[in-house]
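Engineer: What follows is a single structure, and I will ask about it in a moment.
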Amino acid sequence: MNKLLEVKSLHTLYGESHVLHGVSFDLSPGQAVSLMGRNGMGKTTTLKSILGLVEPRSGSVSFKGEEMTTLPTWQRMRRDIAYVPEGRGMFHNLTVKEHLQMAARSNTRGESNWNYDRVIATFPRLEERLANLGTQLSGGEQQMLAIGRALVTNPDLLILDEATEGLAPLIRKEIWEVIRTIKESGISTLIVDKNIKVLKDLCDKHIVLVKGEVVFSDSSEGLSERLDEVESYLGV
Ligand SMILES: Nc1ncnc2c1ncn2[C@@H]1O[C@H](COP(=O)(O)OP(=O)(O)O)[C@@H](O)[C@H]1O
Ligand SMILES: [Mg+2]
């Protein structure tokens, strides 16, 4: 099968600090892949390297068979990649409705399956808050808006960095349900999160980083078989 995303031997440094030591993995169309690891192991740096937000010293990233390594971030995103970064508070003085309407566009194939109405139907909580400013939302609602804003760009790959971090259990559950719906709609996902139980159930493949190196890369079945080992990497 052709790969949707291929990451090969990424080495990324911040100044003198060598953070990624040859990270490689791939993702097939329709797959959900988890990227796990303790804090500071290089998960966000891997995502930023894929998106061109940091420039790897060596290695390559290709998407839909096309080499992207030297493209600027906006051109990568125009090839149907959407990114929900970690942390919140990236909202301007716009209402929920305005945020979604401004971000909405069709993808490179001219598809707009995920339009404003579908996103609102997927996030009933947002529907109640359409006239609220993004900055007035709770943490969970902001996360939903961030995911909604990514979805209306009709991506082939959705990259989520710690989307459920710091949220109340009920909201967390709602977000996982939405991620499942997104997966079922055919969008591939690369998910950084700490909840190994949910990820094992949801994702097709799992990557674990320790100090910028891939120490585990396998299916959910493989993860079940080596659960103790993986939990030790995660400090669970
Ligand atoms: N902008 C930066 N400048 C310098 N060091 C950074 C920067 N961002 C991250 N780091 C360092 O790189 C390492 C990996 O960070 P990160 O990729 O954010 O890890 P994770 O997402 O797994 O928690 C950490 O040691 C972190 O302190
Ligand atoms: Mg991170």
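Engineer: Can you list the lysines whose alpha carbon sits under 20 Å from that of Lys43, skipping same-chain ones fewer than 8 residues off?
Structural biologist: Candidates past the 8-residue exclusion: Lys8, Lys194, Lys197, Lys200, Lys205, Lys211.
Engineer: Say a paramagnetic label sat at a point 7 Å from the Cα of Val215, along Cα to Cβ; which residues of segment 33-48 have their backbone N under 14 Å from it?
Structural biologist: 36-43
Engineer: For the chain, set up a Gaussian network in which alpha carbons nearer than 10 Å are linked by springs, and say which option among Glu165, Glu213, Glu111 fluctuates the most.
Structural biologist: Largest GNM mean-square fluctuation: Glu111.
Engineer: Then there is this: Using the eigenvalues of the Cα gyration tensor, what equivalent ellipsoid semi-axes result for the chain when each is taken as the square root of five times the eigenvalue, whole Å, largest first?
Structural biologist: 28, 21, 17
Engineer: Starting from the Cα of Arg105, step 7 Å along the direction of its Cβ; do the same at Ser185; then give the gap between the two resulting points in nm.
Structural biologist: 1.8
Engineer: How about segment 24-109: which GluC sites (Glu not before Pro) there are in a DSSP loop, with at most 14 other Cβ atoms within 10 Å of their Cβ?
Structural biologist: Those that pass, being in a loop and sparsely packed, are Glu86.
Engineer: Using DSSP loop states and a limit of at most 12 other Cβ atoms within 10 Å to flag trypsin sites (Lys or Arg not before Pro), what is the longest stretch of the chain containing no flagged site?
Structural biologist: Maximal segment without exposed cleavage sites: 110-236.
Engineer: Add -39500 (n - 2.57) for each DSSP H run of 4 or more in the chain, then divide by its residues: what number comes out at 222 nm, to the nearest 500 deg cm²/dmol?
Structural biologist: Calculated from helices alone, the mean residue ellipticity at 222 nm is -9500 deg cm²/dmol.
Engineer: Still on this model: Which one, Gly186, Gly59, Gly166, has the greatest fluctuation when you compute a Gaussian network model over the chain with C-alpha springs under 10 angstrom?
Structural biologist: Highest fluctuation among the options: Gly166.
Engineer: How much of the DSSP bridge set in the chain is antiparallel, in percent, rounded to the nearest 5?
Structural biologist: 55
Engineer: May I pose another question? Could you go through segment 67-73 in sequence order and give the Karplus-derived ³J(HN,Hα) for each residue, using 6.51 cos²θ - 1.76 cosθ + 1.60 with θ = phi - 60°, rounded to whole Hz, and x for Gly and Pro?
Structural biologist: Couplings: 5, 10, 3, 9, 6, x, 3 Hz.
Engineer: Let me ask something else about it. Please list, in order, the residues from segment 213-230 whose amide nitrogen is less than 20 Å from a point placed 7 Å along the Cα→Cβ vector of His21.
Structural biologist: Counting only backbone N, you get 213-218, 229-230.
Engineer: 5 Å is the cut-off here: which amide hydrogens, built 1.01 Å from N in the peptide plane, fall below it relative to Ile159, excluding neighbours closer than 5 in sequence?
Structural biologist: Amide H neighbours of Ile159: Ala82, Tyr83, Val84, Leu190.
Engineer: I would also like to ask the following. What net charge is computed for the residues neighbouring Ser219, neighbours being all others with C-beta under 13 Å from the C-beta of Ser219, Lys and Arg scored +1, Asp and Glu -1?
Structural biologist: Net of charged neighbours comes to -2.
Only the coordinates and a few stated rules stand behind these numbers; no lab work does. Model, not experiment: these values are computed from the prediction. Don't worry about glycine lacking a Cβ; one is built from the backbone with ideal geometry, like all the others, and counts go over all protein chains shown.
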